[in-house]
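A short write-up of the structure that comes next.
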Amino acid sequence: MLRQFFILSCLFLSTVAFAQQHKHDHGHKHDGHEHNQHDGHDHSGHNHDGHSGHDHSGHDHSGHAHSDSGDGHDGHGHEEHKNNFVTDCGTPAQPHHHHGYDPTGTAIHHISDANVYTIMDMVRIPLPAIIYNKTRGLEFFSTGKFGAGHHDNGHYGYKDYVLYQGNIHRITCADFQGSDHYDVQGFDTAMIKAKEGKDIEKRYAIVNGKGYLLEQKTIWDAGLLGGGPSNFIDLSPTKNVVSMILVSLLLFLGFRSAAKAYTTRAGEAPSGIQAYLEPMFQYIRDDVAIPFLGDKHEKFLPLLMTIFFFILGLNLWGQVPFLGSVNVTGSLTVTAIMAIIVFIVTTINGNADYWKHILWPPDTPLFVKIILIPVEIMGMFIKPLTLMLRLAGNISAGHIAILSFVGLIFIFGKAGASLGGSLTGTALAIPLTLFMMAIELIVAFVQAFVFTILTASYLGAATEEHHDHH
């Protein structure tokens, strides 16, 4: 049983990690900016598809919330510039330096994935970059070449790649002459009206005083989140992937130690990590697997244990702020893969009675079957969807709440301008943050348990024999 558990855990991790490679953070939204008018300036007559040469230096952009870079790198501002200009490739562009605390951007940034591992927003550990470029083929390098700074924006570029908000982007301009090391003065975004009438966010890197259009990595989201195929595919291990590998390694070592203790300390009371793992293992087996699956519980126990301890380990890892504040189980990519695995296992193991109740419910009038059959079929897909959304929503909400409470220090203190406000914000932030972290500790266990027990219930319904109804 233990060997099956480890093998299934490795397969489970590899599947989730592969899907995570194609994840891109779509959470950096810039809502509330009207592009026809900015601070009283009429922009309605501007051409936003090919805007060039327009001087914004005299415009008052004080109404926009911009993140303070705080990097001090050669005087360059590496904050995110929101809609200060719209530019084509190589159009002269001057970075605008704005200072202030952006609570929304900070919260979204900390729960998003990145190609660097950031600890306490001070230590940045570069990760290996594995890029498949459709023109140059596979490329290997370190994200340390970007010199990530505040909000994980890169100070430097490598070839035609730059690091924007922790994610690798590519400069699409054909006339751009990149090198192995060049300065990136900043970034900007702009909303462009597409041909089909919807707004599309365009991202730009400022190099040598010129704005260059950026292309994000290929995202297989069927266009639902604005993604699609591009000229490069990012296969790099991200912060979430590294966290999954570390947590899985810790779980492997922990269970290996507990399994060894059963051999060396046979007949003795559990101690050490064995005393922590055994009660949880027995609880999932006796109160989740056996009640829902009966005699078939041993067949699915490795899957249930993998799901429970995988989610619990990642939830607890994300609770430690100085270990990167990762939000792995708050990522829809990770939870979607876990839900898909549950859906596939449930569907494959569904017996004849299961499919008969879905496709042709017995002892039901015909007119009711006409209504019930589509509902049952939709329910097959809604169940994994709710698994995915419930876990990601609860974990992400907890992280955002904690970051919001910490942000009270900077909001009340006006980013350090008011000492009294900072003290007031600190007095409010400390108890609220501690309370929310205590709640999140409970949620870490609850969400792992809920995902596991629902998986067991779905498998139980799919494998239940007809005579069990009586």
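The values are calculated or read from the model by the stated rules, or taken from the named source; none is laboratory data. Note that this is a predicted model, so its numbers are computed, not measured. Ideal geometry is used to build each Cβ from the backbone, glycine not excepted, and the neighbour counts take in all protein chains shown. Protein only, heavy atoms only, side chains kept; ligands, DNA and RNA dropped before computing areas. Shrake-Rupley method; radii C 1.70, N 1.55, O 1.52, S 1.80 Å.
Taking the simple approach of a point 7 Å from Cα along Cα-to-Cβ for both I373 and S457, what is their distance in nm?
Label-label distance for I373 and S457, simple model: 2.7 nm.
Taking θ = phi - 60°, what integer Hz values does the Karplus form 6.51 cos²θ - 1.76 cosθ + 1.60 yield along region 152-163, in sequence order, with x for Gly and Pro?
Calculated HN-Hα couplings, in order: 6, 7, x, 7, 10, x, 10, 6, 10, 10, 9, 10 Hz.
Might you report the magnitude of the Cβ-based charge dipole of region 321-470 about its Cα centre, with Lys and Arg at +1 and Asp and Glu at -1, to the nearest 20 debye?
Numbers: 5 positive and 7 negative charges, 123 e Å.
That gives region 321-470 a dipole magnitude of about 600 debye.
Using a 1.4 angstrom probe on the protein heavy atoms only, line up D188, D183 by accessible area, largest first. Don't skip to the end; give the middle numbers.
Numbers: D188 0, D183 60 Å².
Descending order: D183, D188.
Report, to the nearest whole %, how much of the accessible area of region 339-434 belongs to carbon and sulfur atoms, 1.4 Å probe, protein only. Write down the numbers at each step before the final one.
Values: 4310 of 5450 Å².
Of the solvent-accessible surface of region 339-434, carbon and sulfur hold 79 percent.
Return the distance in nm (one decimal) between the two label points of a simple spin-label model at S230 and Y132, each offset 7 Å from Cα along Cα→Cβ.
Distance between the two pseudo-spin positions: 1.6 nm.
Please report the carbon-and-sulfur percent of the accessible area for region 289-338; probe 1.4 Å, protein heavy atoms only, DNA, RNA and ligands left out. Could the numbers behind the result be given before it?
Working: 1050 of 1570 Å².
Summing carbon and sulfur atoms, their accessible area is 67 percent of the total for region 289-338.
Can you pick out the pairs among K296/K383; K296/K369; K296/K356; K239/K299; K134/K202 whose Cα atoms lie more than 28 Å from each other? Write down the numbers at each step before the final one.
On the way: K296/K383 21 Å; K296/K369 30 Å; K296/K356 20 Å; K239/K299 33 Å; K134/K202 22 Å.
The answer is K296/K369; K239/K299.
Considering the convex hull of the alpha carbon atoms of region 281-394, report its projected area averaged over all viewing directions, in nm², one decimal. Show your work: numbers first, answer last.
Working: hull surface 35.3 nm².
If you wrap the Cα atoms of region 281-394 in a convex hull and average its projections, you get 8.8 nm².
What FRET efficiency comes out for L250 versus Y182 if R0 is 35 angstrom and r is the Cβ-Cβ distance? Round to the nearest 0.05. Walk me through the numbers on the way to the answer.
Details: r = 40 Å, r/R0 = 1.13.
About 0.30, to the nearest 0.05.
Amide H of N167: which non-local residues (sequence gap of 5 or more, or other chain) have their own amide H closer than 5 Å, using H built in the peptide plane?
N115
Rounded to the nearest whole Å², what accessible area per residue is found for region 413-454 with the 1.4 Å probe?
On the way: 2270 Å² over 42 residues.
Accessible surface, normalised per residue, equals 54 Å².
Got a sec to turn the phi values of region 447-453 into Karplus ³J(HN,Hα) couplings, 6.51 cos²θ - 1.76 cosθ + 1.60 with θ = phi - 60°, whole Hz, x for Gly and Pro?
5, 5, 5, 5, 4, 5, 5
Can you tell me how much longer the chain between N208 and L385 gets when fully stretched, taken as 0.36 nm per residue apart minus their C-alpha distance, in nm with one decimal? The partial results should precede the final answer.
Values: separation 177, 0.36 × 177 = 63.72 nm, distance 4.65 nm.
Result for the pair: 59.1 nm of gain on full extension.
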